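S.K.: For reference, the structure I am asking about is given below.
The values are calculated or read from the model by the stated rules, or taken from the named source; none is laboratory data. Everything numeric here is computed off the predicted structure, so don't read it as measured data. Quick reminder, even Gly has a Cβ in these numbers, built from the backbone with ideal geometry, and neighbours come from all protein chains shown. With ligands, DNA and RNA removed, areas are computed over all heavy atoms of the protein, side chains included. Shrake-Rupley method; radii C 1.70, N 1.55, O 1.52, S 1.80 Å.
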Amino acid sequence: TREPYSSLVAGVITERPVIELGNVGKASDGPILVLSGRARVNASAENGPIAPGDLLTTSSKPGYAMVCKDRSRCSRAIVGKALERLKEDEGKISLLVVG
């Protein structure tokens, strides 16, 4: 998505899924949408540091997740639950996609 707290989010894109269904015996030739389970995602601390267990939503930076500080804005905009910390700036963290 291209805006924070977007309700258009349906999952996350990942480079290396743990399990890939529907492509048995075929190499993936494009981005893979993760609808549930664990994935590595781009994260931003633009809305504050991220701690394990925090709910994450879409960020103002396309392709990034941020911590959900305003629960009223996060309705239908949750990407997943953080499994790792991100104290500042940007980076990749593990996330449990809750779809």
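S.K.: Of all the residues that make up the stretch 33-77, how many are part of a strand (DSSP E or B) and touching a residue at least 24 places away in the same chain (Cβ under 8 Å)? Break it down stepwise before answering.
M.R.: Going through the stretch 33-77, the residues part of a strand (DSSP E or B) turn out to be 33-34, 37-44, 50, 55-58, 65-67.
When the remaining residues are screened for being touching a residue at least 24 places away in the same chain (Cβ under 8 Å), the result is 34, 37-44, 50, 55-58, 65-66.
The qualifying residues number 16.
S.K.: I need a count of the residues in the stretch 59-78 that are open to solvent by less than 50 Å² (accessible area, probe 1.4 Å) and more than 11 Å from residue 42 (Cβ to Cβ).
M.R.: 5
S.K.: Also, quick follow-up: Under the condition of being among the polar types (S, T, N, Q) and out of contact with any Ser or Thr (no Cβ under 8 Å at 6 or more places or on another chain), which residue from the stretch 34-56 is least open to solvent (accessible area, probe 1.4 Å)? Walk me through it before giving the result.
M.R.: Within the stretch 34-56, the first condition is being among the polar types (S, T, N, Q), and the residues that meet it are 36, 42, 44, 47.
With out of contact with any Ser or Thr (no Cβ under 8 Å at 6 or more places or on another chain) added as a condition, the list becomes 36, 42.
Working: 36: 86, 42: 49 Å².
Top of the filtered list is 42.
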